[in-house]
Amino acid sequence: MVNSISVKLEVFEGPLDLLLHLIEKNEVDIYDIPIALITDQYLEYVKQMDTDDMNIMSDFLLMAATLLDIKCRMLLPKEVNEEGEEEDPRAELVEKLLEYKLYKYLSIELKGYETHGLKSLVKKPTIPEEVKKYEAPIDYNALIGDLDLAKLNVIFKSVMKKQVDKIDPIRSKFGKIEKDEINLEEKTDYIKSYIAVHRKFSFRDLLCEQTTKMDLVVTFLVVLELMKTGEIMIVQEELFDDIMITSKIAA
């Protein structure tokens with residue numbers, strides 16, 4: 001015997017609206033729909049529908065076919081997906097009903113906002129210009145409160161200490177790195193001129209002529225290159241003695 005329900009006088013926006021009504025009317029869990037009961041009640045309503053609109057009727061008939069299909073699948077052994085879990089034939093229908101329920105209640109809430117909004121009147125501000133420009137005078141006594149010079153001094157020292165604490169004790173001691181611009185060709189010409197004038201000299205004396213660390217490095221590289229090309233000869237007679245440089249180019 002089919003469990004009938006008095007829904008024939010109700011007007012629903014679509015098949016999902018009818019299903020949601022049946023679920024709420026029967027007070028059943030939407031996640032565990034008694035598909036046989038709901039299908040029978042749904043079909044009973046469709047039989048009593050009085051409409052000539054085939055578009056509306058086709059939507060309800062399509063849902064009826066879906067419910068019958070789910071009802072048949074519920075009688076068969078459970079299907080298993082790729083993860084080895086049993087599939088519920090009602091899962092897709094439940095998902096659609098939850099989505100429809102969300103949108104339905106949201107539309108009701110928005111309709112309520114619209115209704116309340118129509119009952120409200122908005123008045124444009126008509127504040128006089130002199131009132132807009134008014135600024136309350138500052139009461140310095142109220143602003144300072146019970147502060148005195150001693151308390152202000154404590155606050156000032158506390159703020160200054162926080163600023164000092166922000167300074168990195170290591171990085172703050174780093175000097176500023178500046179790029180030394182040295183022309184290698186000019187430095188080579190300078191050293192060759194120095195060699196041509198002095199002919200034989202101490203490497204230490206040549207280095208003492210340089211002003212920056214970069215000058216020292218480049219000078220050292222130029223001396224090595226001149227020794228490699230055979231333009232100079234380097235001699236150190238004893239360990240820790242001065243390194244003597246002699247020109248091999250005839251004067």
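The values are calculated or read from the model by the stated rules, or taken from the named source; none is laboratory data. None of these values were measured; they are calculated from a predicted model. Cβ sites come from the backbone with ideal geometry, for glycine too, and all protein chains shown count toward neighbours.
Of all the listed residues (MET63, MET49), the sole one being more than 35 Å from the chain's Cα centre (by Cα), at pLDDT 85 or above, surrounded by 10 or more Cβ atoms within 10 Å (Cβ to Cβ) and under 23 Å from LEU18 (Cβ atoms) is MET63. Contact map, the stretch 9-20: residues that are outside any helix (DSSP H, G or I) paired with residues that are surrounded by fewer than 16 Cβ atoms within 10 Å (Cβ to Cβ) and at pLDDT 80 or above, Cβ distance under 9 Å, separation 6+ or inter-chain. Pairs shown: GLU13/LYS104; GLY14/ASP59.
The requirement of being assigned by TED's automatic domain parsing to the domain that holds LYS101, on the phi > 0 side of the Ramachandran plot, exposed (fewer than 15 other Cβ atoms within 10 Å of the Cβ) and outside any helix (DSSP H, G or I) is not satisfied by GLU82. For the stretch 85-105, a residue qualifies if it is under 17 Å from ILE35 (Cα atoms) and not in a helix (DSSP H, G or I), and the qualifying residues are GLU87, ASP88, PRO89, ARG90.
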